[in-house]
Amino acid sequence: MYAVIRTGGKQYRVAPGEEIAVETLPGEVGAEVELDQVLAVSNDAGELLAGSEVAGAKVRATITAHGRGEKILVFKFKRKKQYKRTIGHRQNYTRLRINEIVV
């Protein structure tokens, strides 16, 4: 059984027991969150339910950590103008453990 959820402007395929890193969510480590933007659910029989069939579906998860990703270097350059800028960026994330999918 798996579900496709939307959080932080991105879509994730999740199954019970998995750990995923998503955009920062409010809450303390150890708190349980409900993700209610479920786009599709595949049940044990292999059927894919989507649209109005999964209107009330939810995914329950536990926050396991908050952190920051790897540093990404952004380099801006304009030729012949002696213009160069280097900046770095680290994106915040929340790590979730998927507990169950409620259809």
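Where a number appears in this text, it was derived from the coordinates with a stated rule and is not lab data. None of these values were measured; they are calculated from a predicted model. Neighbour counts are summed over all protein chains in view; Cβ atoms, including those assigned to glycine, are modelled from backbone coordinates with ideal geometry.
Looking only at residues in region 74-98 that are in contact with a Ser or Thr (Cβ under 6 Å, 6 or more places away or on another chain) and not basic (Lys, Arg), which one is surrounded by the most Cβ atoms within 10 Å (Cβ to Cβ)?
Of the residues in region 74-98, the ones in contact with a Ser or Thr (Cβ under 6 Å, 6 or more places away or on another chain) are 75, 92, 94-95, 97.
Within this subset, residues satisfying the condition of being not basic (Lys, Arg) are 75, 92, 94.
Numbers: 75: 8, 92: 10, 94: 22.
Per the stated criteria, the residue is 94.
Only one of (1) loosely packed, with under 11 Cβ neighbours inside 10 Å; (2) in contact with a Gly (Cβ under 9 Å, 6 or more places away or on another chain) fails for residue 23. Which number is that?
Unmet for residue 23, out of (1) loosely packed, with under 11 Cβ neighbours inside 10 Å; (2) in contact with a Gly (Cβ under 9 Å, 6 or more places away or on another chain): (1).
For region 29-103, list the strands (runs of 3 or more DSSP E) that sit wholly inside it and hold at least 1 residues that are among the β-branched types (Val, Ile, Thr) and under 22 Å from the mean Cα position of the chain (by Cα); which are they?
Values: elements: 32-35, 38-42, 48-50, 58-68, 72-78, 83-89, 92-102.
Of the strands (runs of 3 or more DSSP E) lying wholly inside region 29-103, those with at least 1 residues that are among the β-branched types (Val, Ile, Thr) and under 22 Å from the mean Cα position of the chain (by Cα) span 32-35, 38-42, 58-68, 72-78, 92-102.
Which one is surrounded by the fewest Cβ atoms within 10 Å (Cβ to Cβ) among residues in region 28-59 that are touching a Ser or Thr at 6+ places or on another chain (Cβ under 8 Å) and closer than 20 Å to residue 93 by Cα?
30
Under 6 Å between Cβ atoms, which residue pairs at least 6 apart in sequence (or on different chains) link something in region 21-42 that is within 16 Å of residue 62 (Cβ to Cβ) with a partner that is in a loop (DSSP other than H, G, I, E, B)?
Listed pairs, sorted by first residue: 22/8; 33/27.
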